[in-house]
Structures are given as C-alpha cells and as structure tokens.
Amino acid sequence: MIHLWEYDTRKLDVIMPEMMVELERIGNEGWELVLIRNDINEEGKVTAIFKRKKESETIAL
C-alpha cells in the first residue's frame, strides 16, 4: 500500500522562539517539516516545506 502526500510551503520568522511556536502549531495540524531553505528574505523569513498524508487516499499495489 502506498500513501499519497500533500505538500505546503510557508514563510517562517527566523527568530527562534517565534519559529518554534509556529512549527508546533503547524505540526499540530498534521504537517511534517521536510526542509527549511537557506533563503532569508528582506522580511526576515525563510521558506519551510511540509508534507502530510492525504486523507483516506492510498494505492494498493
């Protein structure tokens, strides 16, 4: 059985306490952090990529 995934990107503050609060909130929505890109923008944010299993969607082999 193969699980299908959905992906999302979000901009996060690079200030550690704020980032950790946001990561915990996103994790509570079922998202798993895959990658934080090393690309701080002019607003002091980085791009984070998340994934989670799609609801009730699997493929049987």
For segment 4-14, check the following and say yes or no: at least one residue is touching a Gly at 6+ places or on another chain (Cβ under 7 Å) and assigned to a loop (DSSP other than H, G, I, E, B).
yes
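Does segment 15-56 hold any residues that are farther than 30 Å from ILE2 by Cα and either assigned to a helix (DSSP H, G or I) or open to solvent by less than 70 Å² (accessible area, probe 1.4 Å) (or both), and which are they? Give the derivation first.
Just the residues of segment 15-56 that are farther than 30 Å from ILE2 by Cα, to begin with: 15-21, 38-46.
Scanning segment 15-56 gives MET16, PRO17, GLU18, MET19, MET20, VAL21, ASP39, ASN41, GLY44, LYS45, VAL46.
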Identify, by number, the condition in (1) surrounded by 11 or more Cβ atoms within 10 Å (Cβ to Cβ); (2) modelled with pLDDT under 95 that LEU61 doesn't meet.
(1)
Write out, first by first residue and then by second, each pair whose Cβ atoms fall under 6 Å of each other, whose residues are 6+ apart or on separate chains, and whose first residue, in segment 14-34, is at pLDDT below 95 while the second is exposed (fewer than 13 other Cβ atoms within 10 Å of the Cβ) and not basic (Lys, Arg).
VAL14/ILE40; VAL14/GLY44
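The values are calculated or read from the model by the stated rules, or taken from the named source; none is laboratory data. Everything numeric here is computed off the predicted structure, so don't read it as measured data. With ideal geometry, Cβ positions are generated from the backbone for all residues, glycine too; neighbour counts draw on all protein chains shown. Ligands, DNA and RNA are excluded from the accessible area calculation, which covers all protein heavy atoms including side chains. Shrake-Rupley method; radii C 1.70, N 1.55, O 1.52, S 1.80 Å.
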